[in-house]
Amino acid sequence: MKTFSADVKKPFQNLLDEADAIVVGAGAGLSTAAGFTYSGARFERYFSDFRERFGIRDMYSGGFYPFPDAETFWGWWCRHIWVNRYAPLPSDLYERLLQALAGRDFFILTTNVDHAFQRAGFQKKRLFYTQGDYGLFQSSEPAGVTAARTYDNRDIVMAMLRSEDWSFTEDGDLFVPEGKRVSVRIDSSLVPFCPDDGAPMTMNLRSDDSFVEDGGWRAAAERYRAFLDRTDGKRVLFLELGVGQNTPGIIKYPFWRMTEGNPNARYACVNPTKSYVPDEIEARTTLFVCGADAVV
């Protein structure tokens, strides 16, 4: 096993150059490195009123808060969705990653739901968002064929934000006009309900067995399987970027298993915290003890 914690760009580039194909597994740490921070100044910029009113200290915990009504629930979520899905990308990290992978045979499996890959220019055919997308709504009680759909939410989320008195910059960021104070509640008329079954809408995010795997999701899953089949036995680099231990069964464990099963494969992990690696693949492993912003 090789471990790098400084001067990481050259060895990272060498790994890419040596591979016939690259399977990227992207976790929350990649978006954190790109500036999608859920606390601190970024939280205060968009959610200080929720901190003052409800004591919420970061975007992650706010997603589980028991808000008193649907208007306040969507008052929170319309902001959370917009700043993490539609507002400008916080940095150019995703664009730099695209440049690093240009001209290579690659596919990306990600648990991130911020759509940053496509927004940075990655082709949809190379992506599988396995955990959902902030840009989609679904029924909270999906059942049957007609209800198992997702719905683009950009227009309704923008309307919710306007009802809270937010305004938009030319590039799509949020700001509060001078002399105004935004509300924590949206207009009641904007609370969304599913057009198929009449149930309240919710985000298309995997949290339980009600997650809708729509036609787009299934097509992406098939493209991912086809890529793995086509590259099986080749010099494949299984590359983790910012993958933690929240859902290891989606990226980390399958990457270990596929690396072990292909003697020509290599495994690499980019993470500020040094990761455990199974003995079976240790000799074909490279660890970069740093954030993804350091390697590209």
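Measuring nothing but how far apart in sequence close Cα pairs (under 8 Å, 6+ apart) lie, relative to its length, segment 150-264 scores a relative contact order of 16 percent. Computed on segment 46-165, the Cα convex hull volume stands at 137 Å³ per residue.
Fully extended, how many nm does the chain gain between E260 and D209 (0.36 nm per residue separation, minus their Cα-Cα distance)?
In short, 15.3 nm is gained.
Net charge dipole, the chain: roughly 740 debye, given to the nearest 20, about the Cα centre with Cβ charges of +1 for Lys and Arg and -1 for Asp and Glu.
Taking square-rooted eigenvalues a ≥ b ≥ c of the alpha carbon gyration tensor, is segment 117-172 rounded, prolate or oblate, where a/c under 1.5 means rounded and, failing that, a/b exceeding b/c means prolate? It is oblate, given that a/c is not under 1.5 and a/b is not larger than b/c. Rounded to the nearest 20, the Cβ-based charge dipole of segment 100-208 about its Cα centre (Lys and Arg +1, Asp and Glu -1) stands at 380 debye. Segment 146-296 has equivalent-ellipsoid semi-axes of 42, 23, 13 Å, by the square roots of 5 times the alpha carbon gyration tensor eigenvalues, sorted largest first. Across the options L237, S189, A219, the greatest Cα extent toward the positive end of the charge dipole of segment 102-250 (unit charges at beta carbon of Lys, Arg, Asp, Glu) belongs to L237. Computed from Cα positions, the angle between helix 40-54 and the longest principal axis of the chain comes to roughly 40 degrees. Over the chain, dividing the summed -39,500 (n - 2.57) contributions of all DSSP H runs of at least 4 residues by the number of residues returns a 222 nm mean residue ellipticity of -9500 deg cm²/dmol.
Database remark: amide H of T111 closer than 5 angstrom to the amide H of A26 (H placed geometrically; neighbours at sequence offset of 5 or more, or on other chains; Pro and chain starts carry no H). Rounded to the nearest 0.05, the FRET efficiency derived from the C-beta distance between S189 and D155 at R0 = 22 Å is 0.95. Spin-label model, E52/D173: points 7 Å from Cα along the beta carbon direction are separated by 2.1 nm. So if I take the centroid of the Cα atoms in segment 155-209 and the same for segment 14-31, what is the distance between those two points in Å? That distance is 35 Å.
Rule-based calculations on the coordinates, nothing more; no lab input. Since the structure is predicted, the reported quantities are computational estimates derived from the model, not experimental observations. Reconstructed Cβ throughout: ideal geometry from the backbone, glycine too, with neighbour counts over all protein chains shown.
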